[in-house]
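As structure tokens, the structure follows; a few thoughts come after it.
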């Protein structure tokens, strides 16, 4: 007979190892992409195992889960119903659906484990990110010196170095999490390293996220005087404008600007893709309430548009409800407010927060680490 008490007594360590292994397996995936080498899909099996572990927790702790996260469970059930109503159970649609509901499936487990004083999640995440950011900075330095392709943000000649981080989609959230953690711990050296390496990423979403979170941290911080806030904000604005300007001076961006225009280049042609999708939507392949039913392209990397596309108006409302729940229960201090607003803003402009499982779990873990309240008994 399965001993669930013993199985879930080590949940903290399983979650921490999930984060560490996700970072490691992401890099294996990156090697596979850059050098076209076929590896076992470690990341996929890791996430599948974690989903099953989280589902088992929900089943075996249903009373506690419903008491503390009833809205989350109802949201998950609502999205399942919306997916079933599509009557499209192709591999592509099922894959997209699992990505989107990953956060809702694992949240009850995370909330139960960390919304109390038993585990020091903040310290655990700080140690993980300190080690990772240092290693990543060294990888970026090596790539700058010897042009190691796998440590670049993009394949080809486009500028950008993100080290061990898998893709442009996850990079803003990794740096964002690290920035807020180091700010909270008051580790200035690591904060500076994080900002410098983020600027070398060559990714517009990273620049936006770092700029916004630092400005918000300054604005919300009541311990800083007005002069310090103004100086910090001016420096942040100047650094952001300079970074974007230099990025747009690069050959790839200049060429795209001349051909596609400023808006298209700024949003990496997402606006062009949006127009194409809108033109391809018909009553046969899209339902305004439940989203796409037969459309082949189901994502734009603009979060609100993506939710409307895949889940329709009803799905968007479900996620708004879940965001409200997170804001009500976990966002209650300077760092969490700045982090949460920046996550949502970055996602609105470049997507991926609710789509990439590692991005969504990072947001949840950082919010739980920063949370002051204890509600689980």
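Does residue 52 satisfy the condition of being touching a residue at least 24 places away in the same chain (Cβ under 8 Å) and surrounded by fewer than 17 Cβ atoms within 10 Å (Cβ to Cβ)? When the stated conditions are applied, residue 52 does not pass them.
Quick one: would you say residue 83 is at pLDDT 95 or above, touching a helix residue (DSSP H, G or I) at 6+ places or on another chain (Cβ under 9 Å) and farther than 17 Å from residue 356 by Cα? For residue 83, the condition - at pLDDT 95 or above, touching a helix residue (DSSP H, G or I) at 6+ places or on another chain (Cβ under 9 Å) and farther than 17 Å from residue 356 by Cα - is met. Of all residues in region 288-301, those that are crowded, with 17+ Cβ neighbours inside 10 Å, farther than 16 Å from residue 94 by Cβ and at pLDDT 90 or above total 0. Of all positions in region 108-116, at least one carries a residue that is assigned to a loop (DSSP other than H, G, I, E, B), under 23 Å from the mean Cα position of the chain (by Cα) and either at pLDDT below 95 or under 27 Å from residue 365 (Cα atoms) (or both). Out of 304, 341, 361, 323, one residue alone is modelled with pLDDT under 95, under 28 Å from residue 175 (Cβ atoms), under 17 Å from the mean Cα position of the chain (by Cα) and in a helix (DSSP H, G or I). It is 304. Scanning region 181-205 for residues that are free of Cβ contacts under 8 Å to residues at least 40 places away in the same chain and either in contact with a helix residue (DSSP H, G or I) (Cβ under 6 Å, 6 or more places away or on another chain) or on the phi > 0 side of the Ramachandran plot (or both) yields a total of 3.
Based on what the data block shows, is residue 166 within 15 Å of the chain's Cα centre (by Cα), assigned to a loop (DSSP other than H, G, I, E, B) and touching a residue at least 24 places away in the same chain (Cβ under 8 Å)?
Numbers: within 15 Å of the chain's Cα centre (by Cα): yes; assigned to a loop (DSSP other than H, G, I, E, B): yes; touching a residue at least 24 places away in the same chain (Cβ under 8 Å): yes.
Yes.
Just one of 318, 366, 313 is in contact with a helix residue (DSSP H, G or I) (Cβ under 6 Å, 6 or more places away or on another chain) and farther than 29 Å from residue 16 by Cβ; which is it? After ruling out the rest, the residue left standing is 318. Residues being at pLDDT below 95 and touching a strand residue (DSSP E or B) at 6+ places or on another chain (Cβ under 7 Å) are entirely absent from region 168-184.
Inspect region 136-152 for any residue being out of contact with any strand residue (DSSP E or B) (no Cβ under 8 Å at 6 or more places or on another chain), in contact (Cβ under 8 Å) with a residue 40 or more places away in the chain and under 27 Å from residue 187 (Cβ atoms) and give the result as yes or no. Yes, there is a match, as at least one residue in region 136-152 is out of contact with any strand residue (DSSP E or B) (no Cβ under 8 Å at 6 or more places or on another chain), in contact (Cβ under 8 Å) with a residue 40 or more places away in the chain and under 27 Å from residue 187 (Cβ atoms). Scanning region 229-263 for residues that are within 17 Å of residue 156 (Cβ to Cβ), out of contact with any helix residue (DSSP H, G or I) (no Cβ under 9 Å at 6 or more places or on another chain) and either surrounded by 13 or more Cβ atoms within 10 Å (Cβ to Cβ) or modelled with pLDDT of 85 or more (or both) returns 250, 252. When region 84-96 is filtered for residues that are assigned to a helix (DSSP H, G or I), farther than 21 Å from residue 18 by Cβ and free of Cβ contacts under 8 Å to residues at least 40 places away in the same chain, the ones remaining, listed by number, are 84, 91, 94. Taken together, 114, 126, 175, 154 contain a single residue that is more than 18 Å from residue 240 (Cβ to Cβ) and crowded, with 22+ Cβ neighbours inside 10 Å, which is 114. Quick one: is residue 201 touching a strand residue (DSSP E or B) at 6+ places or on another chain (Cβ under 7 Å) and part of a loop (DSSP other than H, G, I, E, B)? So residue 201 passes the test.
Would you check if there is a residue in region 264-280 being in a helix (DSSP H, G or I), surrounded by 17 or more Cβ atoms within 10 Å (Cβ to Cβ) and modelled with pLDDT of 80 or more? Yes; the residues of region 264-280 include at least one that is in a helix (DSSP H, G or I), surrounded by 17 or more Cβ atoms within 10 Å (Cβ to Cβ) and modelled with pLDDT of 80 or more. Yes or no: residue 57 closer than 24 Å to residue 305 by Cβ, under 24 Å from the mean Cα position of the chain (by Cα) and part of a helix (DSSP H, G or I)? Judged against the criteria, residue 57 is not a match. Filter region 326-338 for residues that are over 16 Å from residue 101 (Cα atoms), touching a residue at least 24 places away in the same chain (Cβ under 8 Å) and in a helix (DSSP H, G or I) and give the result. Passing the criteria: 329, 330, 334, 335, 336, 337, 338.
The values are calculated or read from the model by the stated rules, or taken from the named source; none is laboratory data. None of the values given here were measured: they were computed from a predicted structure. Every residue, glycine as well, gets a Cβ built from its backbone with ideal geometry; the counts of neighbours run over all protein chains shown.
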